[in-house]
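What follows is a set of notes on a single structure, which appears directly below.
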2 protein chains.
Amino acid sequence: MKATIYDIASEAGVSIATVSKVINGKGKISAETRNAVFAIMERLDFQPSVIASALTGKKTFTLGLLVPDISNPFFAEIARAIEDQGHQLGYSVVMCNTDNKDEKVERYISLLLQKSVDGIIIATGIEKKEILEQLMARGLPIVLIARELPMLAVDTVVVDDYIGGCMAAKHLLELGHTDIAILAESQKVNSSRERMRGFKQTMSEAGLLFKEQFLKICDYKVEDGKSKALELLQGVERPTAIFACNDMLAIGALQAAKEMNIGVPSAISIISFDNTILSSVTNPPLTTIAQPMEQMGKLAVDLIVESIKEKKQLKQRTVLWPEIVIRESTQEKI
Amino acid sequence: MKATIYDIASEAGVSIATVSKVINGKGKISAETRNAVFAIMERLDFQPSVIASALTGKKTFTLGLLVPDISNPFFAEIARAIEDQGHQLGYSVVMCNTDNKDEKVERYISLLLQKSVDGIIIATGIEKKEILEQLMARGLPIVLIARELPMLAVDTVVVDDYIGGCMAAKHLLELGHTDIAILAESQKVNSSRERMRGFKQTMSEAGLLFKEQFLKICDYKVEDGKSKALELLQGVERPTAIFACNDMLAIGALQAAKEMNIGVPSAISIISFDNTILSSVTNPPLTTIAQPMEQMGKLAVDLIVESIKEKKQLKQRTVLWPEIVIRESTQEKI
DNA sequence: TTGAAAGCGTTACCAT
DNA sequence: ATGGTAACGCTTTCAA
């Protein structure tokens, strides 16, 4: 049914070794046979089997990608960047949605191993770092993107969350806000912790005290951001600005303000983090600390491919600079 | 390095055939040897190579998924549903972003063929239907989702776009609107054409005339929706309602109205199509015709898997019913 | 209940 | 410049 190297060989009246050589451009082959073989491959619509060639020790040119949920715009944008660069360099990417569950992570990793992927890019949180250690022990190239596992020598690409937090605080401070609340993700998430740390640090450097009752820890869901923001806005003391640790939470805050008829940014300023498509689509559009998702994805792929080609064995941690995107959800305190 | 079936066999003092049988639960194996083999597989952390087993004629348990752009929330949500169900049934999915370009489609298909995927789910537009015909001639299972290629016997899962268009019109009509504009996608897109057709049909059945100057054909981009909506709103005759053929265009319309200080829905109603996360996040949140993305994805996978298992060879076209989700972007004409 | 051996589509080494 | 052949890790058939 599908043409194989044997079909080509017999059709061309040469050996399979010769065909293999012309496919891979190896060895010395006369222009004449080369052309003949190419012509026949074309005519028979021959596609060399990656499967078979992988079996002989070559690569599968396939990467695994672990994300919590591709329907989350942040990860969708990262995934797009990764697939683009992967494709550019000749790799396919297998998408895996983990829902941030270690058990699913383990299942997917096992599957990817069975399929002999050349490397795995991980954008999902992992609690048990043994999972990764085991993987690394196997010598499989790994890179972490947008997540980190401290104290593990693994290639990592992240944005500087601490600086991002600082930038958010600086912006709000410059606008004259002093009563500021934070909508954070679970403190198990390293990036969220760092964003908060940068934020608080900048406040205290400005001689301001962050009021702990203004800190709300949320799930990663619009709904939860909304209910926590509602608590904030209904409290006796009301903040004049909110720092949401991601776009989803910021949207929740926006909805809470709307529900309470509190103007944004007139009565309350909201700044978020990520700069996914969501932040440009809300009303008002969100001022946000942008993660350079495209470069992050590209970099992650470049790292893993280098590591697959064994061009490098030093592990590195690349920290990208965030950037503030000022839209319309923040304004001077009045 | 990685344990193979040989390692297990020699460790267990049996033949590789025996090991193969216990892995696949085939043939008759004594409980004793079975347990021994299992124990050793466990101890050696053995992962059977899908590559090798695929080479012997079995499947790769991998599906290709062609989407225009995974960072578009509609396709991200579809992709999530597909990956979920695929994983459920034992299949991995390779994601491919085509940007709706036939050349990229062809490149990806060729790659997927080389990797011996068991089937391809296509959610991307294709102009040259020969591409598909060729694929089908190879006997590779294919299913189309959210796109169709008329006059081609291929499994297809779509929402009833015509009915969806009718529902949108009916809603607007019930609210008393008569001057209604349409923001459509390229007329090459079958679904957009159908939505429009249903919409116009319903209007004319109500004895209303659709004014052709109220039809704007757009790209698939927020920006374009905005500029086209702006033209509409700045015209001498201004519509009191807009039907946008997808969420992105509706967002553009929302932005246009905001820029012109036209209240939504007080001065103009906007209804959209898709019900991606975007429609719930805008202000006001969008009334929209929902596509059941989750079921569509699940169904597509079920179809392709059946077809892989050769349980079925009849091609079918499954048309799902859309549903209107009323939010706050539409109201009675005043 | 178990095993030997052929075969899957390539690559790579060694001959010619 | 070209070809023969072992090897990759597994499944399957046939024998024992």
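Looking at the range B:147-205, which trypsin sites (Lys or Arg not before Pro) are DSSP coil and have at most 15 other C-beta atoms within 10 Å of their C-beta? Within the range B:147-205, the qualifying trypsin sites (Lys or Arg not before Pro) (loop, at most 15 other Cβ atoms within 10 Å) are B:LYS188. Tell me, rounded to the nearest percent, the portion of alpha carbon pairs in the protein assembly as shown spaced more than 40 Å apart. So the portion of pairs separated by more than 40 Å is 39 percent.
Put a plus charge on the Cβ of each Lys and Arg, a minus charge on the Cβ of each Asp and Glu, and nothing anywhere else: the dipole of the protein assembly as shown about its Cα centre is then about 1640 debye. Note: relative contact order over chain B, using C-alpha pairs below 8 Å and six or more positions apart, is 17 percent.
With the convex hull drawn over the C-alpha atoms of chain A, the volume per residue is 161 Å³. For peptide B:81-89, the mean count of partner chain Cβ atoms within 10 Å of a residue's Cβ comes to 3. For the range B:114-220, the square roots a ≥ b ≥ c of the C-alpha gyration tensor eigenvalues yield an a/c of 1.5 or more together with a/b exceeding b/c, which makes the shape prolate. In terms of its alpha-carbon gyration tensor, the range B:161-291 comes out rounded; the largest-to-smallest axis ratio a/c stays below the 1.5 threshold. Sorting B:124-133, B:66-75, A:217-226 by their mean Cβ neighbour count within 10 Å, with the most densely packed peptide first, gives B:66-75, A:217-226, B:124-133.
Taking the label point as lying 7 angstrom from Cα along the Cα-to-Cβ axis, what are the distances from A:VAL319 to the corresponding position in the remaining copies, in ascending order and in nanometres? Result for A:VAL319, in nm, nearest copy first: 5.8. Based on Cα contacts under 8 Å between residues 6+ apart, the range B:161-291 shows a relative contact order of 25 percent. For the protein assembly as shown, the share of DSSP beta bridges that are antiparallel, to the nearest 5, is 10%. Rounded to the nearest 20, the size of the Cβ-charge dipole of the range A:161-291 about its Cα centre is 80 debye, with Lys and Arg at +1 and Asp and Glu at -1. For chain A, a crude dipole built from +1 on the beta carbon of Lys and Arg and -1 on the beta carbon of Asp and Glu, taken about the Cα centre, is about 860 debye to the nearest 20. When you restrict to C-alpha pairs under 8 Å that are six or more residues apart and normalise by the size of the range B:5-48, the relative contact order lands at 40 percent.
Note the distances from A:ARG197 to each other copy's matching label point, with points 7 Å along the Cα-to-beta-carbon direction, in nm, sorted shortest first. Taking the point 7 Å beyond Cα along Cα→Cβ, the inter-copy spacings are 6.0 nm.
For a straight C-alpha distance cut-off of 13 angstrom, the aspartates and glutamates reachable from A:LYS298 (same-chain residues fewer than eight places away being disregarded) are A:GLU77, A:GLU83, A:ASP84, A:GLU306.
Viscosity 0.692 mPa s, temperature 37 °C: what is the translational diffusion coefficient of the range B:1-117 from Stokes-Einstein with a Kirkwood Rh over Cα pairs, rounded to a whole number of µm²/s?
The calculation lands on 195 µm²/s.
Position B:GLU231: other-copy label points at 5.0 nm, ordered by increasing distance, label point 7 Å along Cα→C-beta.
Give me the inter-chain shielding for A:47-55: mean count of other chain Cβ atoms within 10 Å, whole number please.
Per residue, the number of nearby Cβ atoms from other chains is 6 on average.
Ordering B:THR318, B:GLY263, A:ILE142 by Cα displacement along the dipole of the protein assembly as shown toward the positive end leaves A:ILE142 in first place; charges were set at the Cβ atoms of Lys, Arg (+1) and Asp, Glu (-1).
Read the figures in this text as sums done on the coordinates, not as results from a lab. Predicted model only: the values in this text are computed from it and were never measured. Note: ideal-geometry Cβ built from the backbone for every residue, glycine included; neighbour counts use all protein chains shown.
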